[in-house]
Amino acid sequence: MIESITINGLLLALIIRSNFHKEGITFFTPEDYSQQLGYMNRPKGYIIPPHVHKLVERKVTLTQEVLYVKAGKVRVDFYNDDQVYAESRTVETGDVILLAAGGHGFEMLESSELIEIKQGPYCGDEDKVHFDPILKNIK
C-alpha cells in the first residue's frame, strides 16, 4: 500500500507500507526529485548487469529524506513550509517514508530503530530551521 500526504497539491511525503508488493520495478518519485525512491521485486536468477555510475554534476537545493523503520512505531507530524501543522501519520516496522517537502517532526510511540538516507554533504546548522512541535496528545 502507498500513501501520499499532500497540502494544496504539494507532495509532502510518500509512505510505502511494509505490505506493499508488486512484480518488477516501480519508482515512486518523479525523475526530477533529488532523492529517487524505488522498489524491486525480482525472481530467483534475475540478473542486474554489473555497472558503475558516471560522474554527473547535480545541483541539490532541497534536502529530501528517506526513513526505513527497522523496528518500532513512530508518529510523523507534517507541516507546510510556513511551519503550520497539517496532519500526522504513524509508521511502523518495515514501513518506508520519503519526506519530500514541507516540515516534519517525530514522536517515538515505541522504542524505535530508524535508518535515514538523505543527500550529503551535511551542512550542519545551515541545513535546518527548528520550530515548536504540535501538542503531544495527537495520535
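Data overview
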{"read-out": "Ile47 vs. criteria of a type outside the set (Gly, Ala, Ser), assigned to a strand (DSSP E or B) and either without any contact (Cβ under 8 Å) to a residue 12 or more places away in the chain or closer than 24 Å to Asp127 by Cβ (or both)", "value": "no"}
{"read-out": "Enumeration of residues in the stretch 36-50 that are surrounded by 10 or more Cβ atoms within 10 Å (Cβ to Cβ) and of a type in the set (D, E, K, R)", "value": "Arg42"}
{"read-out": "His53, sole failed condition from (1) surrounded by 11 or more Cβ atoms within 10 Å (Cβ to Cβ); (2) outside any strand (DSSP E or B)", "value": "(1)"}
{"read-out": "Members of the stretch 5-35 that are surrounded by 12 or more Cβ atoms within 10 Å (Cβ to Cβ) and of a type in the set (S, T, N, Q)", "value": "Thr6, Ser18, Thr26, Thr29, Ser34, Gln35"}
{"read-out": "Failed item in (1) buried (at least 16 other Cβ atoms within 10 Å of the Cβ); (2) at pLDDT 95 or above; (3) under 24 Å from Ile7 (Cα atoms), with Ser112 passing the rest", "value": "(3)"}
{"read-out": "Residue in the stretch 15-27 that is assigned to a strand (DSSP E or B), modelled with pLDDT of 95 or more and within 20 Å of Val91 (Cβ to Cβ) present", "value": "yes"}
{"read-out": "Among residues of the stretch 115-139, those that are surrounded by 10 or more Cβ atoms within 10 Å (Cβ to Cβ) and part of a strand (DSSP E or B), counted", "value": "3"}
{"read-out": "Candidate set from the stretch 64-100 (those that are part of a loop (DSSP other than H, G, I, E, B) and modelled with pLDDT of 95 or more); member that is farthest from the chain's Cα centre (by Cα)", "value": "Gly72"}
{"read-out": "Members of the stretch 35-44 that are under 27 Å from Lys73 (Cα atoms) and assigned to a loop (DSSP other than H, G, I, E, B)", "value": "Gln35, Gln36, Leu37"}
{"read-out": "Close pairs (6 angstrom Cβ cut-off, 6 or more residues apart or separate chains): surrounded by 15 or more Cβ atoms within 10 Å (Cβ to Cβ) in the stretch 67-95, among the hydrophobic types (A, V, I, L, M, F, W, C) and not in a strand (DSSP E or B) anywhere", "value": "Lys73/Leu109; Arg75/Leu109; Asp77/Ile134; Tyr85/Ile134; Ser88/Ile138"}
{"read-out": "Unmet requirement for Arg17, which otherwise passes all of (1) free of Cβ contacts under 8 Å to residues at least 40 places away in the same chain; (2) over 27 Å from Val129 (Cα atoms); (3) basic (Lys, Arg)", "value": "(1)"}
{"read-out": "Residues (among the hydroxyl-bearing types (Ser, Thr, Tyr) and under 22 Å from Arg58 (Cβ atoms)) located in the stretch 81-123", "value": "Tyr122"}
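The values are calculated or read from the model by the stated rules, or taken from the named source; none is laboratory data. Just so we're clear, the structure is a prediction, and the values are computed from it rather than from any experiment. Neighbour counts run over all protein chains shown; Cβ positions are idealised from the backbone, glycine included.
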